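This report refers to the structure that appears directly beneath it.
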Amino acid sequence: MPSVEKIIEKMKNQPRGVRLPEAEKVLIAYGYQFARQKGSHRHYINDNGDVITLKDPLKISYVTDILRRIGE
């Protein structure tokens, strides 16, 4: 699997082509942990209590939200 930096570049350039495992790898690298899953929704939380919810398949709005939260 590509490195986190390459995935972030892909998220910026091709947001429609990002898959859930790639987004999960980026979130984990930035301090988020898998919290729970309910149906197709996966919840991740960081140490500050910030929760992000992802649904497979990823839409562009999820990808831009991830980039905003990690500061990219």
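List, please: which pairs have Cβ atoms under 8 Å, are six or more places apart or on different chains, and start with a residue in the range 1-28 that is touching a residue at least 40 places away in the same chain (Cβ under 8 Å) and among the β-branched types (V, I, T) and end with one that is outside any helix (DSSP H, G or I) and loosely packed, with under 14 Cβ neighbours inside 10 Å?
Filtered contacts from the range 1-28: I8/E72.
Could you tell me how many of the residues in the range 2-52 are charged (D, E, K, R), touching an Asp or Glu at 6+ places or on another chain (Cβ under 9 Å) and more than 17 Å from G71 (Cα to Cα)?
Qualifying residue count for the region: 2.
Among the numbered conditions (1) farther than 16 Å from E5 by Cα; (2) more than 9 Å from the chain's Cα centre (by Cα), tell me where R69 comes up short.
(1)
Quick one: count up the residues across the range 22-33 that are surrounded by 13 or more Cβ atoms within 10 Å (Cβ to Cβ) and not in a helix (DSSP H, G or I).
3
Only residues that are of a type in the set (A, V, I, L, M, F, W, C) and either free of Cβ contacts under 8 Å to residues at least 12 places away in the same chain or part of a helix (DSSP H, G or I) (or both): list them for the range 34-72, please.
F34, I60, V63, I66, L67, I70
State whether the residues of the range 29-50 include one that is polar (S, T, N, Q) and within 10 Å of the chain's Cα centre (by Cα). So that I can check it myself, show each step before the final result.
Residues of the range 29-50 polar (S, T, N, Q): 33, 37, 40, 46, 48.
Add one more test, that the residue is within 10 Å of the chain's Cα centre (by Cα), and what stays is none.
Within the range 29-50 (the criterion being polar (S, T, N, Q) and within 10 Å of the chain's Cα centre (by Cα)), the answer is no, since none of the residues qualifies.
Computed from the coordinates by the stated procedures, all read-outs in this text should not be read as laboratory data. Only a predicted model underlies this, so the values are computations on that prediction, with no experimental measurement involved. Positions of Cβ are generated from backbone atoms using ideal geometry, with glycine treated the same way; all protein chains shown enter the neighbour counts.
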